[in-house]
1. Within 10 Å of each Cβ of B:361-368, how many other protein chain Cβ atoms are there on average?
2. What FRET efficiency would be calculated for the residue pair B:Lys158, B:Leu577, taking the C-beta separation as r and a Förster radius of 51 Å, to the nearest 0.05?
3. Just grab the label-to-label distance for B:Arg269 and A:Ala46, each label 7 Å out from Cα along the Cβ direction, in nm (one decimal).
4. Rounding to the nearest 20 debye, state how big the charge dipole of the range A:3-81 is about its Cα centre with +1 on each Lys and Arg Cβ and -1 on each Asp and Glu Cβ.
5. Along Cα→Cβ, 7 Å out, is where each label goes; now give me the distance between the ones at B:Ile4 and B:Lys165 in nm to one decimal.
6. Where in the range A:24-42 does accessible area fall by at least 30 Å² between the isolated chain and the complete protein assembly, at a 1.4 Å probe radius?
7. When all protein chains stay in place, what accessible area (Å², nearest 10, 1.4 Å probe) is found for B:Phe407?
8. For peptide B:257-264, how many partner chain Cβ atoms fall within 10 Å of a residue's Cβ, on average?
Amino acid sequence: MKNAEFVDRLSLTEMGENRCGTVAQIEGDSRFISRIVSIGLTPGSAFTLLKNDKRSPVLVFCRDTVIAVNHKESSQIFVKVES
Amino acid sequence: MSEIKTIALLGQPNSGKSTFFNNLTGLHQRVGNWPGKTVEQAEGEFVFDETTYKVIDLPGSYGLSANSEEEVVTRDYIQSGKADLVCILVDASQLERSLYMLADFVGIRMPVMLVLNMMDVAEAAGKKIDVAAIEKRLGVPVLGFSAAETERYPEFFKKMVSAIKTPVCLDSGSLREELVSGGELGEKTDDIISRIEAALGDFEYGVCERIWIAEKLLEKDKLICGVVRESLPFARKNAIDAILDSEEGRDGGILTGEAKYRWVSKIVRESATPKSIENVFSKWDRIATHHIKGKFLAFGIMVVSLIACMILAFPGMGIGFGMQPVLQSLVERAGNALGVWPVVISFINLVLVGGTCITICMTSFIFAIIFVFRILEEIGYMARFSYAFDNWLSRLGLQGKAIMPLFSGIGCTAGAVCGTRVLDTRGQRLLALVLLWAIPCGSKVAVVLFLASTFFGSAAPLFGIGYVALIFASFYLSSRLFGKKLVPQNERVGMIMELPPYHKPHWKMIAAMVGRSTWGIFKKALKMILMVAALFWALSYAGDGNVENTLLYKIGNAIEPVTMFFGMRWELFVSYLGGMFSKEASLGIMSTLFNHTGEAFSLVTRVAASENLGEALASTISKPEALAFLFASMFNVPCVLAMGTTYREAGSFKWLATIMGYYLALSLGLAFIGYHIGLLIF
Ligand SMILES: Nc1nc2c(ncn2[C@@H]2O[C@H](COP(=O)(O)OP(=O)(O)OP(=O)(O)O)[C@@H](O)[C@H]2O)c(=O)[nH]1
Ligand SMILES: [Mg+2]
C-alpha cells in the first residue's frame, strides 16, 4: 500500500504532455506558496499539462488559465495523473 | 459644493483596470496585454450627475498578500480604507483564477462592486456567464462589462451610483465555512481558523475583520504578523504562536488558498461554463513557446518590426527632407529681397527650418515604432516572448518576466526603469536595470535608423538585424560582469506567470494612443531640437565669416585627435555627448554643425545645389566614421530623465555611476572597433 502511494507521488516535471491530473501536494517556502496559490495552483486543482520540455518552464492549463511555472519549482509540485 | 466620492480599481494583473481608468478619466495610463504594467497608483477624476468621482488605478496584484514592490502599493491603499467603493475587476475569460482576488478581499470591510470585465473575450472563447446568478450568490452588485467598449459605460454608471448610495460589503460567512470545513481533500483543519479567531479575541485592524487577520496569520504574511505581534498582549500573542506552531508540517498558505478557491469554484460552477481547451493552446502558441523555434520567431518578429518601422517612416522622412531645401531657398530669396541681415537668414534657415525638418524626420520613425510595438503588445504576444526566453534569461540571472519591462523600454527607458519593480528581488531588479540601458528607447531607435538610412541607404535593414544581435550580445556581457554578484545562484527565483489569451487589437484605441504619443513626442522633440540647434548655432556663428575662429571650433579641433581615436570627428563626438542629454539633442547638434558651412553666403550655393542635412552628412562623413558614430549612438547612455529614474530606483549613486561608466566604455569601445573594421572594408 505504501508503495502504491509512492508511485502516485509524481512531480509535475515527470508528467507527460497532454495528460490531465490533479495537484496533490505543493512544497516550498511561504513566498513560493503564496505566488503559486494566488495564480491558481492548489492541492485538489485539476489541470491539463500543455508543455513539458526540459528547456522551458512547464505549461499547465488550470482554472481557465495557461500558467507557466519554472522547472525547478515545478519539481516541488506533486501530482496525481489521471489514467 | 458637490462632494467627492472615491472609487478604487482593484484586480489581478491584466484584468483591464488601466483601460477602464483611462476611459473613465480621460487620462493615459500604460496598457497592454501582459501582466504587470501599472506599478504605481494613479489618480484621476470624472464627473457624473454633478458628483465628482475620484478614481484610483492600482497596480495589479494576484491577491492581497504582497510579494513584490508594486503589490505593496495596492495592499497599502486597500488597507488605508480610503475608498468609498472598491471596484474589483476580474477577467471574465479567466474567471475562476481571477476571482481569487475577490476571495482574498472577503473579510475586508469596504463596500464593493464586482466588474466582470472582458465579457467580449469570454464570449468569443465560448464561455457563458450568468451574471445575475453570481450577483445573487455574492450579495454585492455585479456587472458584466467590457472596459474597451465605450458603449457599455452607461450600465456601469448606473450600477456604480447605486452601489455607492447603498454600500454593501462582502459577507465572510460562506468563506469562513470553507476555511473551517477543510474541504473534500479530507485534510481536516481541526478548525485552526476558529482557534486563531478565539485567540485574537476582539482584535481588529482597520478595515480588516478578524477572519481576514486569521487567514493572513496562517499565510505568514509579514505585515499582519508584525501588527499582531505589536498590538496584542503577551499572553494572547503566545497563544497564537502556539496554535501556529502546532501546524508544523502543514502549510497555512495552502490551507487558506485551497479554501478560497473552493469558495470561488462553487460560485463559478453554478454560473459559468468553463473555457474549452481547444481555444487555449493553438498551433501557433506551440511554436511561440518552443525553446528554439520560439526564439527564432521572436528574433524574426523583432527584425521584421524594425524593417516595418523603416518602411512606415519613409513617407515622413521624405517630407522632412524634401521640405528643407525648398523652405531654405524661399527664406533665402525672401530675406535677400527684403534686405534682411545674413545673420537672421542664417538663424532661420539653420535653426528653425533645419530643426523643424529633422524633427519631422525623426518623428516619422517614432510614429512607426510606437505603432508597430503597440500592436505587438495589445495582441498578447509579449508573454509568449518572455516565456520563450525564460531559460536564456535565467542563465543570465533573471527570469522570463523581466522581458516585459525590458521590452517596454522601447517605449521609454525611464518608464521601463520603474517597470522593473515587478521583479521579486533587488538583485534581479538591478541586473534588469543594467540590461535595460542597452534597449534603445523609441527616440534612440529613430536616431539610429535615421543615421543608418542616411549613410547606408538600402543596406539600413542590415543595421536593424545587427542592432538586435548586438543587444543580445550585450546582455550576455552584462550578465557576465554583473550577474554573479547581483543575483547569486541561491537567490534566483524563477518564472511563475500566466500567459494571457490573445486579444483582437482595438484599432480605435490603438490609433488614439499612437496619435497622441506621436504628437506629444513631436512637440517635445521640436522644443529640444530647436533649443539645442539655437545654442550650437550661436556657439558656431562667426560674424567675420570664418567659422574656424569660433571658440567651439577651436575646442573642437583641439579635442579631435582624441575623439578620432574612436573614429569620431569632433562634431560627431559633440553630438554623441549631446545624446546623453537627450537623443533629440544629438540630432539638433548635427543639424546645425553640419549645415554650417562657415561663410554665411555660401548658403546660397548650397541651397542652389538643394542640399539637405542628409546629403550634407553623407558627403562630409566617411563610411567608417558613420559606422563608429552609429555604434556609439546605439550603446550611448539613455537620456537624463532615464538616468534620474535609474538613480531613484536603484537607490544609490554608486550604481548609477557604475552603469554609466559601463555603457560609456561599451559605446566608445564599439565605436573604436566599428571604425577600424570600417577602414578595412570601405
Ligand atoms: N477585448 C477586450 N480587451 C480588453 C478589455 N479591457 C481591457 N482590455 C485589454 O486588456 C489588456 C490589459 O488591460 P490593462 O488595462 O492594461 O490591464 P491592467 O489591469 O491595468 O493591468 P496591470 O496594470 O498590468 O495590472 C489590454 O491589452 C487592454 O487593451 C475588454 O473589455 N475587452
Ligand atoms: Mg494597469
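1. Values: counts 0, 0, 0, 0, 0, 0, 0, 0.
That works out to 0 on average.
2. E between B:Lys158 and B:Leu577, to the nearest 0.05, is 0.30.
3. 0.9
4. Numbers: 10 positive and 9 negative charges, 40 e Å.
I would put it at about 200 debye.
5. Between B:Ile4 and B:Lys165, the label points sit 2.4 nm apart.
6. Buried on complex formation: A:Ser30, A:Arg31, A:Ile33, A:Ser34, A:Arg35, A:Val37, A:Ser38, A:Ile39, A:Thr42.
7. Approximately 20 Å² for this residue.
8. Values: counts 11, 7, 1, 3, 8, 3, 0, 2.
Whole-number average of other-chain Cβ neighbours for B:257-264 is 4.
The values are calculated or read from the model by the stated rules, or taken from the named source; none is laboratory data. Since this is a predicted model, take the numbers as computed values, not measurements. Neighbour counts run over all protein chains shown; Cβ positions are idealised from the backbone, glycine included. What goes into the accessible areas is simple: the full protein's heavy atoms, side chains included, and nothing from ligands, DNA or RNA. Shrake-Rupley method; radii C 1.70, N 1.55, O 1.52, S 1.80 Å.
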